[in-house]
1. Per residue, how much accessible surface does segment 88-166 expose to a 1.4 Å probe? Answer in Å², no decimals.
2. Using a cut-off of 13 Å between alpha-carbon atoms, which aspartates and glutamates can reach residue 28, once sequence neighbours fewer than 8 places away in the same chain are excluded?
3. Only helices at least 18 Å long along their own axis, judged from Cα atoms, and with Kyte-Doolittle mean hydropathy of -1.0 or greater: name those in the chain from DSSP H.
4. For the charge dipole of the chain, defined by +1 on Lys and Arg C-beta atoms and -1 on Asp and Glu C-beta atoms about the Cα centroid, which residue among 49, 105, 20 has the Cα displaced farthest towards the positive pole?
5. Consider the candidate values [x] 17.6, 53; [y] 21.3, 74; [z] 19.6, 70; state which one is Rg and Dmax of the Cα atoms in Å computed from the structure displayed.
6. How high is the relative contact order of segment 53-106? Use alpha-carbon pairs under 8 Å, at least six apart in sequence, and give a whole percent.
7. Can you give the % of DSSP beta bridges in the chain that are antiparallel, to the nearest 5?
Amino acid sequence: MAPDPGHPRRHWCAQRRIGLTGGIATGKSTVAAILSGSHGLPVLDADVYARQLLAPGTAASQAVLDRYGQQVQTPGDALDRRALGRIIFAHPTERRWLEALTHPLAKEAFTRDLVRHHQAATVVLVAPLLFEVGLEALCSEVWLVDLDEASQLERLLARDRLSSHEARQRIQAQWPLERKRRLADVILKNHGDLVELAQQVDMALAGQAREA
């Protein structure tokens, strides 16, 4: 699908930049693995950046430890991400504080690595909060990995061993998928098996996917 140069929130350049997003546990990582493994595309991942930004010894990690102290600290003095998650998803004010700390740094990382991959014909930017943070402005098109809410909740519960309340907190911390569907250029429906999902990815890369 050719990007629309008239779209107010899309980046227009010779390089194809696919913004890959969706809700938590909808299958973004699976699609990213298909694009990287089967198609050999460079994949820039916001979750990878977040782990790097909060690694031991970083300024962002120290800021988190300064704010929350031992309740988010492991015996080895690293950041306990599960404990941090329980805090920020239970308290929206704390989540906004953490986002204000990490999102600008993640955007800098995307921009840096886009420069590094400037010769690639196509680059994939994976970000759960692509729309929420405004990262779609870096992309020429946006793909949404879509899933019904019941299946999303079931997969999240199985993957992260959360209580139902904790899982719903995490889902509700993101924009509803219904809202993201209206903003996406391509919708990948992750209701079937891996073969079916891979076929949708192939079609989207060829510009034959159903547009949102």
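The values are calculated or read from the model by the stated rules, or taken from the named source; none is laboratory data. For clarity, every value in this text was computed on a predicted model and none was experimentally measured. Cβ sites come from the backbone with ideal geometry, for glycine too, and all protein chains shown count toward neighbours. Calculation scope for accessible area: heavy atoms of the full protein, side chains included, ligands and nucleic acids excluded. Shrake-Rupley method; radii C 1.70, N 1.55, O 1.52, S 1.80 Å.
1. Details: 3820 Å² over 79 residues.
Dividing the accessible area of segment 88-166 by its residue count gives 48 Å².
2. The reachable aspartates and glutamates, counting only those whose Cα sits under 13 Å from residue 28, are 45, 47, 146.
3. On the way: long enough: 92-116 (35 Å, -0.71).
Helices meeting the span and hydropathy rule in the chain are 92-116.
4. Selected residue: 105.
5. Matching the structure shown: [x].
6. Numbers: 38 pairs, mean separation 16.4, N = 54.
Worked out over segment 53-106, it gives 30 percent.
7. Values: 2 of 19 bridges.
Counting only bridges with both partners in the chain, antiparallel ones make up about 10 percent.
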